[in-house]
Amino acid sequence: MPSGSDAVSVSVQRAAAPHRLADPALWLFGALIALLAFLVANPILRLIWDSFLAADGSLTLSNYVLALGRSRHLQALLNSLMLGGAVTLLALALGVPLALAVSRTNMPLRGLTHLSVLAAFVMPNFLGAIAWILLAGPNAGWINRLWIALFGGVGGPLNIFSFWGLACVIAFYTFPLVYVFTKSALDLVSTELEDAAAIHGAGKFRTLTRITLPLVLPSIVGAAILIFLESVALYGTPALIAIPAGINLATTQIASFFENPMRVEQAAAFAMPILALTVVMLDLQRRILSRKGFVSVSGKGGERRPYDIGPWKWLLLGYAGVVALLTVVLPLAILVLASLSKAWGRGVASGNLSLANYHDIFFQQLTVRSALVNTAVYALLTAAVCVGTGLCVAYATQRRITPWPGLVQFLALAPIAVPGLILAIGLYAAYAGPPLSLYGLGVLIVIAFTTRFLPIAVTACAAAVRSLNPELEEAVRVLGGGRLTVLAKVVFPLLKKTLVGVFILIFVVCTKELSTAVFLTGPASRVVSVLTLDLSEQGNYEILAAMGVVLVAITTLVVGLGMRVAGRDFMLRRP
């Protein structure tokens with residue numbers, strides 16, 4: 001039993017100790033939980049609810065009958081699945097060889113190849129689609145016109161307005177994901193394993209197929225699943241290519257539900273099969289990537305030196321050059337040429353080149369200038385909110401500060417299972433009308449982008465926080481610092497490079513995002529991706545190209561500045 005003096009001492013200590021609820025960090029983390037519920041749970045639950053909602057407010061299955069009961073609608077779903085499969089195969093063919101070449105071989109110019117893949121990642125897919133319309137349109141495309149000039153005939157060999165034309169354009173700007181996953185895994189594989197195979201008589205090709213690729217196969221499959229889901233849910237490129245080609249896809253069909261009269265409930269019902277497919281495929285990816293032992297890292301670290309592939313290095317270099325030509329060089333060249341043209345179809349004819357389009361978008365075309373400013377501002381705000389929220393959520397869940405950390409992390413990561421276009425329907429249903437009435441306001445676009453890309457920040461920050469030794473934080477706590485002091489003085493400075501890399505990544509993907517924004521923007525909040533659709537329908541490719549070149553320049557500048565802090569491999573950063 002404690003003595004009287006001991007009891008008094010304990011009472012004094014308890015009185016002096018601040019109550020746990022007085023810690024401002026707990027209120028901050030509580031606010032984050034409420035924010036996650038607002039951002040994630042509300043629109044997803046509203047999407048599911050509206051799919052069963054009748055016009056009179058009762059519950060019904062008629063929305064599913066109307067949305068999924070027509071053969072045209074079912075064919076759209078089937079076409080999207082076929083497109084997802086085709087894009088996935090093409091992306092694998094583009095990304096895996098380049099990852100092998102850069103990570104494992106002595107191919108020349110590996111650094112330049114890596115930068116070319118990064119450039120393809122920075123290029124928005126809708127701008128890539130516009131560039132390939134200018135290059136490979138069946139009548140006015142420059143490649144077809146050059147073919148006719150050289151070989152005669154009435155038409156050229158390429159038609160971008162086709163199923164495989166659409167699949168190629170999407171693959172050109174999604175394959176960097178395959179490259180990132182594959183290269184990250186390859187960088188962890190010790191060449192000692194390949195040396196052992198060579199000692200036992202295995203040739204280079206046999207070593208590649210029996211040792212190297214099997215070790216990184218789960219990462220390749222995981223990337224393939226993400227590519228498939230991205231292709232099925234993509235809207236921008238299909239809107240520019242599939243609609244003129246007469247190819248009905250799930251995303252273009254969903255867009256038709258938003259034409260007058262609007263049928264939001266039917267759109268929600270039609271989105272349910274895609275949402276279910278996404279959940280199943282992402283669960284499959286999680287199971288594949290959670291397998292242990294598919295990458296071997298020896299206890300001594302292992303040597304990772306370039307593998308001499310002899311003359312094959314020149315073939316790989318040629319392949320890398322072709323990929324860079326198709327994904328970056330030709331599209332950027334045609335966009336720059338079109339942006340400098342008074343009439344893009346006249347090419348470099350005398351008197352056709354001018355800077356007038358750039359003058360117009362900066363000084364006369366208020367709509368274009370506003371879209372550029374909106375895109376940059378919304379992307380910067382979203383990146384900042386995602387990094388700050390992602391760091392706090394990751395720290396709170398990894399250090400188990402909040403109650404139910406598993407639930408908090410689930411809410412933060414749940415949007416990854418919701419395709420952008422479907423998330424937009426949920427956000428429209430939840431926030432466009434009363435009582436918030438946010439439709440057409442910039443704040444709704446920032447909410448949409450934050451919801452969509454918060455999982456990127458949470459995932460990266462969680463991995464980084466796990467790499468920190470908690471003793472550093474406990475030392476600050478012993479000296480009287482609170483949780484917020486720990487975040488500001490210890491966690492943030494130590495993870496600065498990771499956070500800058502995440503900021504860049506989210507900024508880039510925000511400037512490219514169309515699917516989430518297409519149903520939520522108004523005249524005052526229009527972004528470049530949405531304005532691209534309007535200008536393309538008007539045939540105003542000169543202004544569109546100038547706007548696209550400026551957007552790419554802004555994005556490249558931000559990436560370049562950030563890379564000085566985070567390093568050129570910010571997409572591949574691991575703790």
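Packing order of peptides 515-522, 86-93, 365-372, highest average first: 515-522, 86-93, 365-372 (average count of other Cβ atoms within 10 Å over each peptide's residues).
In segment 94-137, what percent of the accessible surface is made up of carbon and sulfur (1.4 Å probe, ligands and nucleic acids excluded)? Roughly 76 percent of what the probe reaches on segment 94-137 is carbon or sulfur.
Note on Asp360 and Phe38: their simple-model spin labels are 4.1 nm apart, each label 7 Å out from Cα toward Cβ.
Measuring how big segment 69-162 is from its alpha-carbon positions, Rg and Dmax come out at 18.1, 56 Å.
Annotation for Leu89 and Ala54: the two label points, set 7 Å from Cα along the Cα-Cβ direction, are 4.6 nm apart. Modelled spin-label separation between Val280 and Ala488, with each label point placed 7 Å from Cα along the Cα-to-Cβ direction: 5.0 nm. PRE reach from Val65 (point 7 Å along Cα→Cβ): which of segment 267-284 fall under 20 Å by backbone N? Flagged as within label range: 267-273. Per-residue extension of 0.36 nm, minus the Cα-Cα distance of Arg400 and Arg564, leaves a gain of 55.7 nm for this segment. Residues of segment 497-537 falling in the label zone of Val377, defined by backbone nitrogen less than 17 Å from a point 7 Å along Cα to beta-carbon, are 511, 521-531.
Do the alpha carbons of any pairs in Lys489/Lys512; Lys183/Lys497; Lys183/Lys489; Lys183/Lys496 sit beyond 29 Å of each other, and which pairs?
Working: Lys489/Lys512 34 Å; Lys183/Lys497 20 Å; Lys183/Lys489 34 Å; Lys183/Lys496 23 Å.
Beyond 29 Å: Lys489/Lys512; Lys183/Lys489.
Average accessible surface for segment 394-468: 35 Å² per residue, computed with a 1.4 Å probe over protein heavy atoms with every protein chain in place.
Rounded to the nearest 0.05, what FRET efficiency do Arg287 and Gln538 have when you use their Cβ-Cβ distance and R0 = 45 Å? Once rounded, the FRET efficiency stands at 0.45.
Determine the share of segment 342-433's accessible area contributed by carbon and sulfur atoms, expressed in whole percent, with a 1.4 angstrom probe. Show your work: numbers first, answer last.
Working: 2590 of 3840 Å².
After summing per-atom areas, the C and S share lands at 67 percent.
In a DSSP loop and with at most 14 other Cβ atoms within 10 Å, the trypsin sites (Lys or Arg not before Pro) in segment 55-106 are Arg70. Packing, taken as the mean count of other beta carbons within 10 Å per residue, orders the peptides 548-557, 373-382 from highest to lowest as 373-382, 548-557. Spatially, segment 391-407 and segment 90-108 are offset by 38 Å when compared through their Cα centroids.
The H on the amide N of Thr105, modeled in the peptide plane, is under 5 Å from the matching H of Tyr307, each at least 5 residues off or on a different chain. The peptide list 37-49, 117-129, put in order of mean Cβ contacts within 10 Å with the highest first, becomes 117-129, 37-49.
For an R0 of 35 angstrom, estimate the FRET efficiency from the Cβ-Cβ distance between Leu109 and Glu259 and round to the nearest 0.05. Please list the in-between numbers first.
Numbers: r = 49 Å, r/R0 = 1.40.
Plugging the Cβ-Cβ distance into 1/(1 + (r/R0)^6) gives 0.10.
If you stretched the chain out fully between Arg145 and Ala343, how much longer would it get, using 0.36 nm times the residue separation minus the C-alpha to C-alpha distance? Net length gain for the segment: 69.7 nm.
Test of understanding: what is the full-extension gain from Leu45 to Leu436, defined as 0.36 nm times their sequence separation minus their Cα-Cα distance?
Details: separation 391, 0.36 × 391 = 140.76 nm, distance 1.69 nm.
Residue separation times 0.36 nm, minus the Cα-Cα distance, leaves 139.1 nm.
The values are calculated or read from the model by the stated rules, or taken from the named source; none is laboratory data. Quantities reported herein were computed from a predicted structural model and do not represent experimental measurements. Every residue, glycine as well, gets a Cβ built from its backbone with ideal geometry; the counts of neighbours run over all protein chains shown. Areas reflect the complete protein model, heavy atoms only, side chains present, ligands, DNA and RNA absent. Shrake-Rupley method; radii C 1.70, N 1.55, O 1.52, S 1.80 Å.
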